[in-house]
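Trainee: Have a look at this one.
The values are calculated or read from the model by the stated rules, or taken from the named source; none is laboratory data. As the structure is a computational prediction, the values presented were derived from the model and not from experiment. Counting neighbours? That spans all protein chains shown, and the Cβs are built from the backbone with ideal geometry, glycine included. We work out accessible area using only protein heavy atoms, side chains counted, and drop any ligands, DNA or RNA first. Shrake-Rupley method; radii C 1.70, N 1.55, O 1.52, S 1.80 Å.
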Amino acid sequence: MIEGAPRHNQMTTILGFDDYSNGKENKKRQSLIRVWKRLSSLQRSVICFVLLLGGISALYIVNSVRQGRTGRWTQDGPRELADFLDSKERQKMEQEKREYIQKMKEKHAQQQVMEIVKKNKENTKRKKGPPSGNRGAKLGQGADMDQIPDEKERQLNLPPKSAGDDLVVDQASDGTYDYFDPQRQYSEKQKAIQDAFKFAWKGYKQHAWGHDEYHPISKSHSEWFGVGLTIVDSIDTAIIMGLKDEYLEAREWVDKSLTFDKNKDVNLFEITIRALGGLLSAYHLTKDEVFKTKARDLGNRLLPCFKSPSKVPFSDVNLRTGNAHPPRWGPDSSTSEVTTIQLEFRDLSRVTKDTRYEHAIDVVSEHVHSLPKTDGLVPIFINANTGSFRNSATITFGARGDSYYEYLLKQWIQTGKKKDYLKKDYMAAVGGIKAHLLRESEPNKLLYIGELLGGRSFSPKMDHLVCFMPGTLALGYQNGLPQDHMEIAIKLTRTCYEMYNKMPTKLSPEIVYFNQAPGSSDDLIVKPLDAHNLLRPETVESLFYMYRFTRDKKYREWGWQIFLAFMKYTKIDGAGFSSINNVKSPSNPGYKDKLESFFLAETLKYLFLLFSDDPKLIPLDKFVFNSEAHPLPIYTE
């Protein structure tokens with residue numbers, strides 16, 4: 001080294017290179033060589049051995065990892081291995097992957113079929129139909145693995161959603177159910193509900209037998225259609241409850257005394273859901289021809305309603321003369337009235353093999369389907385002469401609108417999910433609810449369905465009638481419709497229960513308004529003229545569906561609380577049950593002196609079914625309830 005020379009020249013002199021960077025790298029290399037030369041032979045041998053051992057270990061670990069991954073497929077395949085393969089080898093690997101996945105799916109499907117066959121020995125053939133509505137443990141049978149509830153579903157206590165419209169149904173039984181089996185078991189709460197029915201039936205039989213309506217305070221009766229409406233409407237409840245004596249009394253009266261040869265105007269909708277539906281249901285539950293004969297006679301007398309200038313039926317008809325006409329109060333029919341007759345008329349055609357009834361109602365449904373709507377929502381009035389909606393009418397899921405939406409879904413189910421336009425209209429309507437009608441109250445955020453006054457202005461008003469909707473949404477979800485339907489159903493069911501729970505009598509008023517103002521002290525506002533209770537079934541109907549699908553015990557607890565309130569405030573000693581005027585006054589509820597036939601036909605029936613643990617009792621993969629709680633069969637062909 002030359003003393004005093006620049007640092008760059010010193011590096012150049014020592015290493016013999018002109019390039020600085022190359023010189024730097026060579027300096028490091030020279031340093032390593034010097035260190036290596038200074039080591040003894042033993043040290044060099046140890047280092048070589050350690051390096052050799054480390055290399056062997058690394059190769060072993062890499063090989064083990066790759067071998068361990070050959071049995072697990074990632075979303076895009078084993079990327080590390082594929083990187084070393086040419087295109088043909090990668091294609092071969094992908095083909096093997098697809099074959100493996102398909103094999104696993106086929107194996108899983110075979111396992112599902114074997115489970116269904118094992119649990120249903122009497123069913124030797126696979127049948128197509130809608131998803132099962134039986135016990136919670138059976139709800140997911142036949143579903144794909146991706147139908148297992150996610151975390152959000154578990155938090156909401158949702159049942160497993162069906163796998164699709166072509167789900168193979170695990171039906172409980174193909175045999176006839178023996179409703180009067182002396183060995184049939186009942187829970188204590190079912191027995192209490194049976195006793196309530198028998199108590200009301202006894203009062204009606206003693207003071208109003210053969211008449212339409214019963215007045216338990218005055219122990220008198222009145223006529224609406226003159227067809228023994230309470231009997232015809234309640235027969236299937238006696239059957240389902242296993243009350244043989246009451247059933248035989250009703251059956252004898254229908255056989256010997258029921259006649260529709262009456263010079264009387266009747267409402268097409270009311271007599272269809274109550275009388276025609278009741279007769280058809282009794283026929284299906286018993287196979288007794290007397291009910292079919294009476295149903296056919298009534299159906300023939302109602303057909304003149306469909307001879308209107310448009311495709312919309314007249315609302316009223318004379319049972320003897322066949323003279324059909326619009327309602328006396330105006331030119332328009334209620335939308336719900338002309339669209340809530342389809343389940344019954346279609347079933348009548350299937351039972352009698354006479355296509356006239358089904359053809360008549362199909363024309364109506366298709367016509368209403370073709371009319372313009374507000375995101376699936378419809379006004380509550382329609383004209384039978386023009387066939388058009390009254391566009392300025394209110395849009396509501398309460399009176400005059402409610403069951404239009406109910407029957408969209410239930411017709412689709414009844415026909416084995418063959419009429420897609422019904423499903424589309426129902427789906428559109430639920431979308432319309434979410435867009436225009438769904439709100440939360442203050443302060444407790446109760447979810448409710450409001451109204452559009454004049455088709456435009458929102459009103460926070462909800463009829464008790466709207467409380468059918470949670471059960472309908474749950475039924476749709478169980479038949480493969482979106483999860484948010486069930487989420488809405490759960491929240492609406494609580495709202496309907498709170499309409500009872502927040503009243504001093506624990507009975508719901510007919511109409512409530514929901515508070516929208518922040519800082520409000522109470523969610524519900526009840527006007528004096530809306531405080532009456534008519535023994536309506538809609539809330540217990542939804543409780544029945546919600547319990548049947550979720551097995552959540554709170555729905556039974558809520559239903560029992562409602563039943564006890566009916567017993568405390570509407571029961572008339574020695575006579576029956578009566579509607580009351582004021583649910584806000586426990587000391588003076590005020591009796592209206594009227595037993596509505598739907599209390600026996602619907603309210604007590606749904607309460608009885610709510611407390612049933614028998615999966616073969618009206619399974620919801622075989623029956624669909626009409627708007628008056630009369631079960632009619634689902635047709636898969």
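Trainee: Do you know which residues across region 425-458 are open to solvent by 10 Å² or more (accessible area, probe 1.4 Å), farther than 20 Å from Thr339 by Cα and either among the polar types (S, T, N, Q) or in contact with a Lys or Arg (Cβ under 8 Å, 6 or more places away or on another chain) (or both)?
Mentor: Result: Asn444, Leu446, Leu447, Ser457, Phe458.
Trainee: For the list (1) assigned to a helix (DSSP H, G or I); (2) touching a strand residue (DSSP E or B) at 6+ places or on another chain (Cβ under 9 Å); (3) open to solvent by 50 Å² or more (accessible area, probe 1.4 Å), I need the number of the one condition that Asn263 fails.
Mentor: Unmet for Asn263, out of (1) assigned to a helix (DSSP H, G or I); (2) touching a strand residue (DSSP E or B) at 6+ places or on another chain (Cβ under 9 Å); (3) open to solvent by 50 Å² or more (accessible area, probe 1.4 Å): (1).
Trainee: If the Cβ limit is 8 Å and pairs must be 6+ apart or interchain, which residue in region 611-635 that is under 15 Å from Gly471 (Cβ atoms) pairs with which residue that is assigned to a loop (DSSP other than H, G, I, E, B)?
Mentor: Pairs found: Leu620/Ser132; Leu620/Gly133; Leu620/Asn134; Phe623/Ile634; Val624/Ile634; Ser627/Thr340; Ala629/Pro537; Pro631/Ile618.
Trainee: Report the residue count in region 478-505 for those that are open to solvent by 10 Å² or more (accessible area, probe 1.4 Å) and free of Cβ contacts under 8 Å to residues at least 60 places away in the same chain.
Mentor: Going through region 478-505 one residue at a time, the tally reaches 7.
Trainee: Farther than 18 Å from Ala275 by Cα and either in a helix (DSSP H, G or I) or touching a strand residue (DSSP E or B) at 6+ places or on another chain (Cβ under 8 Å) (or both) - does that describe any residue in region 336-354?
Mentor: There is no residue in region 336-354 that is farther than 18 Å from Ala275 by Cα and either in a helix (DSSP H, G or I) or touching a strand residue (DSSP E or B) at 6+ places or on another chain (Cβ under 8 Å) (or both).
Trainee: Here's another thing I want to ask about it. Residues of region 327-366 being over 26 Å from the mean Cα position of the chain (by Cα), crowded, with 17+ Cβ neighbours inside 10 Å and within 19 Å of Tyr404 (Cβ to Cβ), which ones?
Mentor: Of everything in region 327-366, those that are over 26 Å from the mean Cα position of the chain (by Cα), crowded, with 17+ Cβ neighbours inside 10 Å and within 19 Å of Tyr404 (Cβ to Cβ) turn out to be Asp332, Ser333, Ala360.
Trainee: Being farther than 21 Å from Asp233 by Cβ and of a type in the set (Asp, Glu) is the filter; apply it to region 593-637 and report the residue that is surrounded by the fewest Cβ atoms within 10 Å (Cβ to Cβ).
Mentor: Out of the qualifying residues, it is Glu637.
Trainee: A further question follows. Any residue at all in region 534-544 that is within 22 Å of the chain's Cα centre (by Cα), open to solvent by less than 10 Å² (accessible area, probe 1.4 Å) and of a type in the set (Phe, Trp, Tyr)?
Mentor: yes
Trainee: Turning to a different aspect of this structure: Among Ala601, Ala575, which is the only one that is touching an Asp or Glu at 6+ places or on another chain (Cβ under 8 Å) and of a type in the set (Gly, Ala, Ser)?
Mentor: Sole residue among the options that is touching an Asp or Glu at 6+ places or on another chain (Cβ under 8 Å) and of a type in the set (Gly, Ala, Ser): Ala601.
Trainee: Do any residues in region 175-191 that are part of a loop (DSSP other than H, G, I, E, B) have Cβ atoms under 6 Å from those of residues that are open to solvent by less than 50 Å² (accessible area, probe 1.4 Å) and modelled with pLDDT of 95 or more, where the two are at least six apart or on different chains, and which pairs are they?
Mentor: Once the first residue is part of a loop (DSSP other than H, G, I, E, B) and sits in region 175-191, its partners that are open to solvent by less than 50 Å² (accessible area, probe 1.4 Å) and modelled with pLDDT of 95 or more give Tyr179/Ile239; Tyr179/Gly242; Phe180/Gly242; Arg184/Gly242; Ser187/Phe611.
Trainee: While we're looking at this one, here's another question. Which one is farthest from Ser627 (Cα to Cα), of the residues in region 569-581 that are crowded, with 21+ Cβ neighbours inside 10 Å and of a type outside the set (Ser, Thr, Tyr)?
Mentor: Ala575
Trainee: Test Phe397 against the stated conditions and say whether it is open to solvent by 20 Å² or more (accessible area, probe 1.4 Å), modelled with pLDDT of 95 or more and of a type in the set (Phe, Trp, Tyr).
Mentor: No, not satisfied.
Trainee: Which members of region 375-387 meet the condition of being polar (S, T, N, Q) and either in a helix (DSSP H, G or I) or surrounded by 17 or more Cβ atoms within 10 Å (Cβ to Cβ) (or both)?
Mentor: Asn383
Trainee: Here's something else I'd like to know. Report whether or not Phe566 is touching a residue at least 40 places away in the same chain (Cβ under 8 Å), touching a strand residue (DSSP E or B) at 6+ places or on another chain (Cβ under 9 Å), crowded, with 20+ Cβ neighbours inside 10 Å and assigned to a helix (DSSP H, G or I).
Mentor: yes
Trainee: Can you tell me how many residues within region 288-300 are in contact with a helix residue (DSSP H, G or I) (Cβ under 9 Å, 6 or more places away or on another chain) and either touching a residue at least 12 places away in the same chain (Cβ under 8 Å) or of a type in the set (Gly, Ala, Ser) (or both)?
Mentor: 9
Trainee: Looking at (1) within 27 Å of Pro633 (Cα to Cα); (2) free of Cβ contacts under 8 Å to residues at least 60 places away in the same chain, can you tell me which one Thr335 breaks?
Mentor: (2)
Trainee: OK, next. Could you check, for region 269-278, whether at least one of its residues is of a type in the set (S, T, N, Q), within 30 Å of Arg390 (Cα to Cα) and open to solvent by less than 20 Å² (accessible area, probe 1.4 Å)?
Mentor: yes
Trainee: When you go through (1) over 21 Å from Phe625 (Cα atoms); (2) in contact with a strand residue (DSSP E or B) (Cβ under 8 Å, 6 or more places away or on another chain) one by one for Thr386, which number turns out not to apply?
Mentor: Unmet condition: (2).
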